[in-house]
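Single-structure report; data block below.
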Amino acid sequence: MLSNIEVAGYYKGLGFQAEYIKSNIHRKNDLPTLNYDGFYAQAACLLFGGRQFYNKTEAEFSQPYRGKKWGDVELALRYDNINMNDENVNGGSAEAFTAGVNFYAAKNVRFQLNYSYVNHDRYASGKKNCMLDMIFPAI
């Protein structure tokens with residue numbers, strides 16, 4: 001079973017968006033259920049009077065209305081977290097911190113500069129002791 005909740009909002013040039021997702025995997029042959037979850041939260045600010053455009057038909061935020069004739073600059077921060085570890089299977093977990101600067105030059109032109117720091121646990125490292133090694137051990 002997969003479930004989630006999402007919230008998003010903008011007021012003038014300030015925006016916030018977050019989502020939480022949970023997965024319960026019910027397995028056959030009396031194997032225990034696996035429980036995984038993750039979330040993200042992000043905030044953004046258009047610096048020169050721009051506003052975010054919400055497309056009701058697509059139910060999504062699209063390119064913003066620029067605050068100046070030459071464009072607008074947006075600062076954004078984001079935090080991500082996912083946990084694919086369960087008491088029965090270790091699939092890995094990670095968290096990520098991202099900071100970004102977006103320059104909206106024209107209606108469909110955006111330049112982005114992002115910095116991300118990602119911290120994985122030992123099961124998400126791609127080295128031994130990960131879930132695939134338990135399923136397909138070396139012979």
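The values are calculated or read from the model by the stated rules, or taken from the named source; none is laboratory data. Everything numeric here is computed off the predicted structure, so don't read it as measured data. Every residue, glycine as well, gets a Cβ built from its backbone with ideal geometry; the counts of neighbours run over all protein chains shown.
Residues checked against (1) modelled with pLDDT under 95; (2) part of a strand (DSSP E or B):
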{"site": "ILE5", "(1), (2)": "no, yes"}
{"site": "ALA8", "(1), (2)": "yes, yes"}
{"site": "GLY15", "(1), (2)": "yes, yes"}
{"site": "ALA18", "(1), (2)": "no, yes"}
{"site": "ARG27", "(1), (2)": "yes, no"}
{"site": "PRO32", "(1), (2)": "yes, no"}
{"site": "ALA44", "(1), (2)": "no, yes"}
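If you scan region 97-113, which residues turn out to be free of Cβ contacts under 8 Å to residues at least 40 places away in the same chain and out of contact with any Lys or Arg (no Cβ under 9 Å at 6 or more places or on another chain)?
Hits for region 97-113 are VAL101, VAL109, PHE111, GLN112, LEU113.
Would you check if there is a residue in region 52-60 being surrounded by 17 or more Cβ atoms within 10 Å (Cβ to Cβ) and modelled with pLDDT of 90 or more? Working first, answer last.
First, the residues of region 52-60 that are surrounded by 17 or more Cβ atoms within 10 Å (Cβ to Cβ): 52.
Those left that are additionally modelled with pLDDT of 90 or more: none.
No: region 52-60 contains no residue that is surrounded by 17 or more Cβ atoms within 10 Å (Cβ to Cβ) and modelled with pLDDT of 90 or more.
Scan region 61-70 and tell me whether some residue there is crowded, with 17+ Cβ neighbours inside 10 Å, in a loop (DSSP other than H, G, I, E, B), touching a Leu at 6+ places or on another chain (Cβ under 8 Å) and at pLDDT 90 or above. Spell out the reasoning first.
In the first step, residues of region 61-70 are kept if they are crowded, with 17+ Cβ neighbours inside 10 Å; the result is 64, 66-67.
Filter once more, so that each one left must be in a loop (DSSP other than H, G, I, E, B): 64, 66-67.
Going one step further and asking which of them are touching a Leu at 6+ places or on another chain (Cβ under 8 Å), we end up with 64, 67.
Okay, now just the ones that are also at pLDDT 90 or above, so 67.
Yes, because at least one residue in region 61-70 is crowded, with 17+ Cβ neighbours inside 10 Å, in a loop (DSSP other than H, G, I, E, B), touching a Leu at 6+ places or on another chain (Cβ under 8 Å) and at pLDDT 90 or above.
Given (1) in contact with a Cys (Cβ under 9 Å, 6 or more places away or on another chain); (2) surrounded by fewer than 16 Cβ atoms within 10 Å (Cβ to Cβ), where does GLY49 come up short, assuming only one miss?
With (1) in contact with a Cys (Cβ under 9 Å, 6 or more places away or on another chain); (2) surrounded by fewer than 16 Cβ atoms within 10 Å (Cβ to Cβ) applied to GLY49, the lone miss is (1).
Taking only region 52-78 into account, find how many residues are touching an Asp or Glu at 6+ places or on another chain (Cβ under 7 Å) and under 28 Å from ALA96 (Cα atoms).
1
Every residue, every condition in (1) in a helix (DSSP H, G or I); (2) in contact with a strand residue (DSSP E or B) (Cβ under 8 Å, 6 or more places away or on another chain); (3) at pLDDT 85 or above; (4) loosely packed, with under 12 Cβ neighbours inside 10 Å, yes or no:
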{"residue": "ASN83", "(1), (2), (3), (4)": "no, yes, yes, no"}
{"residue": "GLY92", "(1), (2), (3), (4)": "no, yes, yes, no"}
{"residue": "PHE97", "(1), (2), (3), (4)": "no, yes, yes, no"}
{"residue": "ASN102", "(1), (2), (3), (4)": "no, yes, yes, no"}
{"residue": "ASN114", "(1), (2), (3), (4)": "no, yes, yes, yes"}
{"residue": "TYR117", "(1), (2), (3), (4)": "no, yes, yes, yes"}
{"residue": "GLY126", "(1), (2), (3), (4)": "no, no, no, yes"}
{"residue": "ASN129", "(1), (2), (3), (4)": "no, yes, no, yes"}
{"residue": "ILE139", "(1), (2), (3), (4)": "no, no, no, yes"}
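State whether one or more residues within region 18-41 are surrounded by 15 or more Cβ atoms within 10 Å (Cβ to Cβ) and farther than 23 Å from ALA94 by Cα.
no
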